[in-house]
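Student: Take a look at the following structure, please.
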Amino acid sequence: MLFIGFSATAHHNGATYFDISTELEHSDATVVSYDLVNPHGRLVYVFMDDEGNEVEWRAELPSANNARRRGLGGDLFRPGDRLTALTGSPSRSGANFMRLTRVLFANGDVAQITGRNAGVVRAGTE
């Protein structure tokens, strides 16, 4: 039983898979897909890199249950949505994958994905 606890802790420690000491930001992205599933939701998006190439990235979100409780439900992202900025911790593997922490939508809404203040703040209501 003791070893089961260690493996569960390792899985739920974000630093195991992501460099939480580094903040990565992508700008002017477009949503490809959003799956609110367990154990973690996934957002797929594209943006143009510095050389003008379209790059696809994936972002991990909380579980479906946690996301819904925080107001980050299944309709938060839709294919084709424009995102002004996405912020998160990059994957330690070097893959195009991050642990999403914050999103700024084109309409000014902000989704705080992780932390005590997780949820959506609508533009003009701060």
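Student: For the chain, set up a Gaussian network in which alpha carbons nearer than 10 Å are linked by springs, and say which option among Arg82, Arg68, Arg102 fluctuates the most.
Tutor: With Cα springs under 10 Å in the chain, the top fluctuation among Arg82, Arg68, Arg102 is at Arg68.
Student: May I pose another question? Size of the dipole of the chain about the Cα centre, Lys and Arg at +1 and Asp and Glu at -1 on the beta carbon, nothing else charged, in debye to 20?
Tutor: In total the dipole reaches around 740 debye.
Student: With springs only between Cα atoms under 10 Å apart, run a GNM on the chain and tell me which of Ala67, Ala106, Ala59 wobbles the most.
Tutor: Ala106
Student: Can you put Glu54, Glu60 in order, fewest other beta carbons within 10 Å first?
Tutor: With the fewest neighbours first, Glu54, Glu60 line up as Glu54, Glu60.
Student: Between helix 2-12 and the chain, what is the angle of the helix's C-alpha long axis to the longest principal axis, kept within 0 to 90° and rounded to the nearest 10?
Tutor: The helix 2-12 is inclined about 10 degrees to the chain.
Student: On to the next question. Under the 0.36 nm per residue contour assumption, what length would be gained going from the current alpha-carbon distance of Ser93 and Val32 to full extension?
Tutor: Here the segment from Ser93 to Val32 would lengthen by 19.7 nm.
Student: Related question: Residue separation times 0.36 nm, minus the C-alpha to C-alpha distance between Thr16 and Glu56: what's the value? Please list the in-between numbers first.
Tutor: Numbers: separation 40, 0.36 × 40 = 14.40 nm, distance 2.28 nm.
Result for the pair: 12.1 nm of gain on full extension.
Taken together, the values in this text are just the output of simple stated rules run on the coordinates, not laboratory data. What you are looking at is a predicted structure, and each value in this text was computed from that prediction instead of being measured. Every residue, glycine among them, receives a Cβ derived from its backbone with ideal geometry; neighbour counts consider all protein chains shown.
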